[in-house]
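Enquirer: Structure provided below as structure tokens; questions to follow.
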Amino acid sequence: TRMSLSPDKTRTHTQKKKKKKEPRSSSPVSWRLYWRGVGFGRHMSSDKTTTLNPTFDAMEVEQGHKAVQKNPFNRQRKTKDLACLAVFYAFLLSVFVLCGVAYSKGNPHILFFGLDYRGRVCGENALSGFDARYWVNVGQVVTTVLSNPLNFYDSKSVCLKQCPVVNEKTTANYTQLHWVCNYPDGYGPSDQFPDPHTTGAASPVKMTYDEWYARSYNFYDLLTQDQKDSSLKLQGPCFPVLMKTTNQYDVCQPYGGIIGHDDNTKLYKVWRDMGGVAVDDPDSIVENSVYSYIGDGARVMSRYMNDLTNAWVVVLACGVGVTFILSYFWLFLLKLFAPLMAWLVIITANLFSIALTVLLYMKAGILAADDIDAFVGTDYADDLPDDFDSSTRNKDTLFICAIVATAFTVMLIALTIFMISRVKLALRCLEVGRKALSKAPQVMVYPATFPFLFGVGFIALWLFAIVHVFSMGDIEQRSCTIDSNEASFIGLGANPNCGPTEACQCGYDVEVDNQMKYMGLYFFFALLWILAFNNGFTKLVVAGAVAPYYWNSGQMQDKPLGSSLKDALKYHQGSVACGAFLVSVIQFISYMLKFLEKRMKVLSTNSAVRYIWYCINCCVHCLKRLIAFITGQAYVMIAIEGKGFFASAMRAGSLIASHAMQSAAVQIVGDSILALAKLSVVIGSGVACIAILENKEYYHGNFKVTSPLTPCVVSMVISYLLASKFFAVIETSIDTMFLSFCLDCEMNGGKPALAPPVLHAMMNEDEE
């Protein structure tokens, strides 16, 4: 049905007063321009002289044999994928409920500070202020680290306010032995505190913990002779301090070995002269064992947090400030040199492929240095290292590799020649996307505001919850076997009823049950799904903000970010949740396969199983990349047409399949340039952080940083997250323009009717 609409009907009230009819143009160009104005619908341009009629929703105007269809961005939108949205919000609610359960039952201090020989947390309750964990029995420590089945964690430890100080002054030039005794609880048989259920290893002295600290944890002089003899056998209740220690993140780190052990002088001689049992000198073994304890994840985290606290200004300055400066600098470079950068990437890839092929032929003995000289016309081969000469081994393998490289190089060169026009389209899409962002600069900042803060906040909440989850377990005695011959493990006095050879002599640990494991997996999936939702929602908002630039022929609507954000919140949360769920499921499967790979010993012994496993991993990885790509393109189509997730994914897949070569060019050019930009920004942030931390202020005093590694790594992580958000805006803008171009061509007989002038100019050049 032909339909003729007069442009007079679009005049404002002021224009109608002139009563002069404008002649209707029969030019297809005039009609095309007219319908560009009508097609923009509710997303109006800044031209206030045009009144748009929303009843034109399903119309098309035919001029000759060609029809210019209505702008697809003008669809009246409805809320889509409500079922997915309901499931997602129910899942969110369950995550917050489990966070509350973990908070009420967990105690992260167990993971950070460890447990003493009675299963108590250093620094809590009766041990408040006694934060430093100290292994008192040097005999146990040596026994556990010198090829003994007992675990170092079973060695007896107590909580102190300060680590024992051993130097010339405190020991009268190493001639006076210092002791650290059990907690002063009054356990143990004695005339003053009789208790038939305890052993002589327990503490027979009762005093407050502060009094114990005032005595430097030493009440050896109050012991009976039997108890002193027990202590000389390293069975307690008091233990000699034979090694120096230093407080390293609330752990007393021994160093230097047993004082005077090598020549039987100083403290070791004093110990032996008193009747103390012989103790092997572990040298650096004990030091390394305690260091490995300090290096455990929870304690490393505590140390890292201290460095971050002292250098937080540097972290923010480099991670945020430097990132923004370098990112906008790269945006400026893209404006000036995007074509040059794209062609450099393509030419460099071809040159590297040719060079690799030539080198493989040289190593295989097919080409010689003289052949290179003859081809190049110079003595270029003289500058090559001798290693590039023909290899005497693996010639057949190298020849096969050279043939494969030749085939790849030929295909790459042919593909490059074939894709020259497609590369032009990719560059035009990049240019149109950049111009759209220049018309709406607030879109560039949006991902670094709410989405970034939401992501960081949720990760912080997730870390808070996960440490509570894995500290929810019951504190249980470790399972270990104490041989009655292990004299150093008898008399620990872990509790009043502990016998000499009972399992209660073992250390304490948090028992991780199945409930904690399942909660951990649930929280891990929550991390993947919610972060995928955040990324997908950001992409949809950005696409919705820049898409009108294409469909309105290079004119940006008023408040593009606000309109897009409103549409996304009102209509498309369910669609984003659906896509994010698919992405997170395949990510979860991929991570579980990696976890199982580390646990499966058969992979290291059976080559057939290992091959099958690698094939499975490869397939899962390819599927993960495919789903992530299609999901991202689906979000763009949702922003353009307002349909549901699966309909948009099918539409995006169809458009990409019908423009496969153009899509490949856009992805290769865009991803290559943006990856290079992202890498340079992250490295620049790290370099700036290292340079600032070289200041003397961070070597001494209140802002001392033990290592620049942690602040700089965190700075680079923040930089990477921000740069990813920043350049993801450009990438989304490019994808939006390309899919809009494909949709425009599909709707209008293979040629874009509503494209911005830049793309129209390119099409005209191709036609000429």
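Values quoted throughout were computed directly from the atomic coordinates according to the rules given, and no laboratory measurement underlies them. Given the structure is predicted, the values throughout are model-derived calculations rather than measurements. All Cβ positions, even for glycine, are placed from backbone atoms using ideal geometry, and neighbour counts span all protein chains on display.
Enquirer: Based on the alpha-carbon gyration tensor of the stretch 603-741 and its eigenvalue square roots a ≥ b ≥ c, which shape applies: rounded if a/c is under 1.5, prolate if not and a/b is larger than b/c, or oblate?
Expert: Verdict is oblate for the stretch 603-741.
Enquirer: Follow-up. What length, rounded to one decimal in nm, is gained on full extension from CYS619 through to ALA317, with 0.36 nm per residue of separation minus their alpha-carbon distance? Display every interim value, and only then the final one.
Expert: Working: separation 302, 0.36 × 302 = 108.72 nm, distance 4.14 nm.
In short, 104.6 nm is gained.
Enquirer: Continuing with this model, one more query. Provide THR409, THR323 in ascending order of the number of other Cβ atoms located within 10 Å of each residue's Cβ, fewest first.
Expert: Numbers: THR409 18, THR323 26.
Placing the least packed residue first, the sequence is THR409, THR323.
Enquirer: Given 0.36 nm per residue, what is the gain on full extension from ILE589 to ASN173 after removing their alpha carbon distance, in nm? Present the calculation step by step, with values, prior to reporting the outcome.
Expert: On the way: separation 416, 0.36 × 416 = 149.76 nm, distance 6.27 nm.
143.5 nm is the gain from fully extending ILE589 to ASN173.
Enquirer: State whether the stretch 392-459 is rounded, prolate or oblate according to the following rule on the C-alpha gyration tensor (a ≥ b ≥ c being the square roots of its eigenvalues): a/c under 1.5 gives rounded; otherwise a/b larger than b/c gives prolate, and the remaining case gives oblate. Don't jump to the answer; show the numbers that get you there.
Expert: Working: a/c = 7.38, a/b = 1.86, b/c = 3.97.
Note, shape of the stretch 392-459 comes out oblate.
Enquirer: Quick one: net charge around PHE450, please, counting Lys, Arg +1 and Asp, Glu -1 for every other residue with C-beta under 15 Å from its C-beta. Each step should come with its number before you reach the end.
Expert: Working: positive: LYS539, LYS566, LYS725; negative: none.
Summing Lys and Arg as +1 and Asp and Glu as -1 gives +3.
Enquirer: Going by how many other beta carbons lie within 10 Å of each one, how would you line up VAL166, VAL443, fewest first?
Expert: Details: VAL166 19, VAL443 23.
So the residues, fewest neighbours to most, are VAL166, VAL443.
Enquirer: Among LEU425, LEU127, what is the fewest-to-most ranking by other Cβ atoms within 10 Å?
Expert: Working: LEU425 24, LEU127 20.
Least to most surrounded, the residues fall as LEU127, LEU425.
Enquirer: Students often get this wrong, so check it: of LYS206/LYS244; LYS78/LYS539; LYS517/LYS725, which have C-alpha atoms separated by over 23 Å? Don't skip to the answer; put the middle values down first.
Expert: Details: LYS206/LYS244 28 Å; LYS78/LYS539 19 Å; LYS517/LYS725 33 Å.
In this structure, LYS206/LYS244; LYS517/LYS725 exceed 23 Å between Cα atoms.
Enquirer: Of LYS80/LYS559; LYS80/LYS439; LYS424/LYS643; LYS363/LYS624; LYS594/LYS678, which ones are farther than 32 Å apart at the Cα?
Expert: Values: LYS80/LYS559 24 Å; LYS80/LYS439 30 Å; LYS424/LYS643 30 Å; LYS363/LYS624 37 Å; LYS594/LYS678 27 Å.
Over 32 Å Cα-Cα: LYS363/LYS624.
Enquirer: Could you give the length gained on full extension between LEU344 and PHE91, defined as 0.36 nm per residue of separation minus the Cα-Cα distance, in nm? Show your work: numbers first, answer last.
Expert: Values: separation 253, 0.36 × 253 = 91.08 nm, distance 4.74 nm.
Full extension from LEU344 to PHE91 adds 86.3 nm.
Enquirer: At a 10 angstrom cut-off on C-beta neighbours, averaged per residue, how do the peptides 661-671, 356-366, 589-599 rank from highest to lowest? List each step's numbers first, then the result.
Expert: Working: 661-671: 20.5, 356-366: 19.0, 589-599: 11.8.
Top to bottom by mean Cβ count within 10 Å: 661-671, 356-366, 589-599.
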